[in-house]
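Okay, structure first, notes after.
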């Protein structure tokens with residue numbers, strides 16, 4: 001139990017900080033809005049848990065997430081659309097993803113920065129969970 005608490009503490013400390021200041025190339029070709037979202041994602045420390053390029057790790061994978069079905073810890077399923085992603089970034093405990101028990105730290109991102117991160121996640125791609133979309 002003590003090692004789990006230590007791990008959670010380290011994850012929260014790392015997640016609250018920015019990256020080391022190095023500028024990495026995004027995993028895909030991005031629009032200007034997507035590039036800005038990538039920079040917010042990296043600078044706000046999101047990469048500490050979701051991976052440098054959104055490939056996942058301690059936190060859920062973001063690559064290929066957009067518009068897919070997401071299984072939640074309460075047994076329900078949601079579509080990873082703009083509304084879900086926005087809520088998940090603003091209120092990390094509102095709808096926890098099944099299998100990920102490490103708490104996501106709160107952030108102080110502005111609405112504009114949240115929208116940029118959502119644009120970045122959208123541009124990482126995904127499959128349509130809605131027929132015909």
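Bear in mind these aren't lab numbers, they're just calculated from the coordinates by the rules spelled out. These numbers come from a predicted model, not from an experiment. Note that each Cβ is placed from the backbone with ideal geometry, even for glycine, and that neighbours are counted across all protein chains shown.
Annotations
- Taking the fewest neighbouring Cβ atoms within 10 Å as the starting point, the ordered list for 84, 66 is 84, 66.
- Legend: ranking of residues 119, 86, 77 from fewest to most surrounding C-beta atoms inside 10 Å; resulting order 77, 86, 119.
- Segments 99-108, 41-50 sorted - mean Cβ within 10 Å per residue, highest first: 41-50, 99-108
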